[in-house]
Amino acid sequence: MDNLITAEDVVSVITEAKCKTGCFCPYCRCEMIIKYGKYNGIQRYRCKKCKKTFSAMSFTPMNKTHYIKKWPLFIECMILGYSLRKSAKILGVTWVTLFYWRHKILNNLKHKNVKSFKKIVEIHDIYFAYSEKGSREIAKRKPRKRGYIHKSFGKDDSSVCVINVKDSEGGTLSKVTCLGIVNKRKIEKVIGKYIDKGNILCTREWREYKNFARIRGMKYYPISNKDMNSLYNIKRIKKYTNKLKVWISRFCGVASKYLDNYLAWYKLLDYIKFICNKKNITNMIIDSCSYVENDTFESLRRSKFVI
Ligand SMILES: [Zn+2]
């Protein structure tokens, strides 16, 4: 596997992306900073006001990693959708370390969302079995089936509802919404801030969508199978969710607490059309470093499923 971009490229694109909003101390936001030697080949800076030192990598998933040279290749593996074991072989790093890297990156990617939906908004809810995969403290119960639940519309709390949305211009959202079947309150919570009266809502036939559209004063089209070829349909979002279900099955069940991370991963792959090139790797690195990162291995492992 070829390295499409180098560690030096990574440092320079992140420095450039960060300096776009001004070069300042990440601790106190003071702009009086001076160069303060190099560590691991990366330029460090010192704040004249609070005296703290930092680099462009501080507060990014790559902070304090000994393997910065391997990150671009790992991002390539993620775009190609490789398993942790396959990536571990390519990179010569343990898969446990890579699991941690994966979620540090995805925890940041999931913050990137559409600003608002345009024109026709197609929505489709799908359900996954609730899973505590990997947990050492599974509650007293029999192990459950993992993965996507076919044709079971989450009648009880053992299934996790995921709402998926695509608008006329390709704007996409895919998010864990609730346990059990979706209702208008949950729909409002997840997509409410991205839509307005000008949008036209298309969903499967389900009264809660109808109620939601009525309350928000939006045009609404419930779509049955026979309507799939009409002007208003849910073809694109169903194509998206069908491919998502196939893609996610490679992980043999995902712990529900990490499901949002995998949804953000798939959303990004869909956006870049699964193309692994220099531009897409660079953009994924910038996106994964655009939010404050404080996760540790323990905080990720001990995190809980919250909705
Ligand atoms: Zn400072």
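Things worth noting here:
- Positive minus negative residues near I123 (Lys, Arg vs Asp, Glu; Cβ under 13 Å): +4
- For K193 and Y271, the FRET efficiency from 1/(1 + (r/R0)^6), where r spans their Cβ atoms and R0 equals 25 Å, is about 0.75.
- Counting protein heavy atoms only, the chain has 53 percent of its accessible area on carbon and sulfur, 1.4 angstrom probe.
- Under a Gaussian network description of the chain, with springs only between Cα atoms under 10 Å, the residue in K119, K210, K38 that fluctuates furthest is K38.
- K20/M218 FRET efficiency (R0 25 Å; Cβ-Cβ; nearest 0.05): 0.10
- The slack between E298 and R250, meaning 0.36 nm per residue of separation minus the straight C-alpha distance, is 14.8 nm.
- For K219, the residues 5 or more places off, or on other chains, whose built amide H falls under 5 Å of its own are L201.
- Long-range HN-HN contacts of V254 with modeled amide H, under 5 Å: G147
- Gaussian network model of the chain, Cα within-10 Å springs - most flexible of V114, V162, V190: V114
- Extension gain from K118 to N40, taking 0.36 nm per residue of separation minus the Cα-Cα distance: 23.5 nm
- Cα→Cβ-extended label distance, 7 Å offset, between K52 and S12, nm: 2.9 nm
- Applying 0.36 nm per residue to the separation of K226 and N63 and subtracting their alpha-carbon distance, the gain on full extension is 53.4 nm.
- Placed amide H near I5: partners under 5 Å, 5+ positions off or other chain: none
The values are calculated or read from the model by the stated rules, or taken from the named source; none is laboratory data. Everything numeric here is computed off the predicted structure, so don't read it as measured data. Cβ: placed from backbone, ideal geometry, glycine included. Neighbour counts: every protein chain shown. The accessibility values were calculated without ligands, DNA or RNA, using every heavy atom of the protein model including side chains. Shrake-Rupley method; radii C 1.70, N 1.55, O 1.52, S 1.80 Å.
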